[in-house]
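Here is the structure we will look at.
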Amino acid sequence: MWLYEKKLQYPVKVSNRDLRMAKFLLTQYGGPDGELSAAVKYLNQRYTMPTNRAKGTLTDIGTEELAHWEIIATMIYKLMKGATPEELRRAGLGSHYAMHGDALFPADANGVPWTAAYIQAHGDPVADLQDNMAGEQKARATYEHLIDLTDDPDLRDTLRFLREREVVHFQRFGELLDHVQGYMNSKKYF
Amino acid sequence: MHHEQTKVLRELQELEFAALELNLYLDTHPEDQDALKTFNEVVTRLAKARINYEEKHGPLLNFGFCAPRQVGWQWIEEPWPWEI
Ligand SMILES: [Fe+2]
């Protein structure tokens with residue numbers, strides 16, 4: 001069961017409409033290393049994790065990723081709000097407008113729709129946790145690229161928050177990996 | 001959005017963030033009694049902040065996770081989070 005909380009995890013302010021930046025941000029909305037991929041991956045992996053720490057951590061980080069997905073959606077929504085079709089077209093979002101109008105859609109920055117092929121579940125906790133750690137680093141790198149692409153101070157502030165969360169998630173997954181490996185070794189030899 | 005609402009919302013976001021961060025930490029360090037103590041302190045402050053916010057601005061959670069509604073069905077009232 002999930003509940004919806006009617007607030008963002010972190011405030012989103014944007015200074016100006018910026019359609020190009022909205023297009024770039026789509027990579028974190030529906031791209032391979034984006035927030036949707038992370039949420040679906042973790043919430044799907046948790047069922048077959050061997051320890052309670054792993055089940056709990058994947059449940060909680062997966063849930064937090066959904067909150068980040070909402071933050072990214074809010075940024076894109078605000079950056080695109082009120083744009084005319086001609087403005088969208090000039091920013092490279094003409095094909096987005098043709099297919100989706102003003103709506104959001106989980107696609108990457110090039111318009112390629114989100115696919116479950118971006119994620120994996122091996123049923124092997126060591127392989128899955130290593131994959132998750134790599135995913136957090138890829139998301140961190142993407143946020144650094146996005147920060148480089150804007151000089152809007154409010155937008156940069158929220159992107160820095162999201163970047164920092166990837167660092168924390170990486171840390172938690174690393175601790176979990178050690179713990180799960182210890183658990184599996186103890187099962188093997190004793 | 002009203003300045004007062006922005007301010008209490010920000011306080012709520014800070015407290016919820018502290019609770020979330022401690023929660024994740026405790027997931028991988030369940031034996032850490034100091035962290036548990038801090039978590040409990042945050043939870044107490046957070047509960048008060050939530051009641052205070054919901055009294056003025058309506059429910060934060062859907063599906064009945066709020067105080068009984070005396071003033072009508074505020075859940076669907078604006079602003080929605082992406083409109084703030
Ligand atoms: Fe993450």
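Computed quantities for the displayed model
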| quantity | calculated |
| --- | --- |
| Inter-residue pairs, beta-carbon under 8 Å, first β-branched (Val, Ile, Thr) and in segment B:36-56, second surrounded by 11 or more Cβ atoms within 10 Å (Cβ to Cβ) and in a helix (DSSP H, G or I), 6+ apart | B:Thr38/B:Leu22; B:Val42/B:Leu15; B:Val42/B:Ala18; B:Val42/B:Ala19; B:Val42/B:Leu22; B:Val43/B:Ala19 |
| Residue in segment A:98-120 that is within 16 Å of the ligand (Cβ to nearest atom), aliphatic (A, V, I, L, M), under 20 Å from the mean Cα position of the chain (by Cα) and within 21 Å of A:Glu175 (Cα to Cα) present | no |
| Residue under evaluation B:Glu54, criteria (1) in a helix (DSSP H, G or I); (2) away from chain A (no Cβ under 12 Å), criterion not met | (2) |
| Cross-chain or 6+ apart pairs with Cβ under 8 Å, segment A:18-37 first and in contact (Cβ under 8 Å) with a residue 24 or more places away in the chain and under 11 Å from A:Leu79 (Cα atoms), then in a helix (DSSP H, G or I) and within 14 Å of the ligand (Cβ to nearest atom) | A:Leu25/A:Ile72 |
| Segment A:29-85, residues that are within 17 Å of A:Pro11 (Cα to Cα), within 11 Å of the ligand (Cβ to nearest atom) and of a type in the set (Gly, Ala, Ser) | A:Ala67 |
| Segment A:154-167 residues that are closer than 15 Å to A:Asp33 by Cα and modelled with pLDDT of 95 or more, paired with ones that are β-branched (Val, Ile, Thr) and within 13 Å of the ligand (Cβ to nearest atom) (beta carbon under 9 Å, 6 or more apart) | A:Leu162/A:Ile71; A:Leu162/A:Ile72; A:Arg163/A:Thr142; A:Glu166/A:Thr142 |
| Residue tally, condition more than 9 Å from chain B (Cβ to nearest Cβ), in contact (Cβ under 8 Å) with a residue 60 or more places away in the chain and not hydrophobic (A, V, I, L, M, F, W, C), over segment A:38-62 | 7 |
| Leading residue by the ranking (nearest to A:Arg20 (Cα to Cα)) among those in segment A:129-178 that are of a type in the set (S, T, N, Q) and either assigned to a helix (DSSP H, G or I) or within 13 Å of the ligand (Cβ to nearest atom) (or both) | A:Thr142 |
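Every residue, every condition in (1) over 11 Å from the mean Cα position of the chain (by Cα); (2) modelled with pLDDT of 95 or more; (3) away from chain A (no Cβ under 11 Å); (4) farther than 21 Å from A:Tyr4 by Cβ, yes or no:
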position	(1), (2), (3), (4)
B:His3	yes, no, yes, yes
B:Leu12	no, yes, no, no
B:Phe17	no, yes, no, no
B:Asn23	yes, yes, no, no
B:Leu26	yes, yes, no, yes
B:Lys37	yes, yes, yes, yes
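The values are calculated or read from the model by the stated rules, or taken from the named source; none is laboratory data. Source: prediction; values computed, not measured. All Cβ positions, glycine included, derive from the backbone under ideal geometry; neighbour counts span all protein chains shown.
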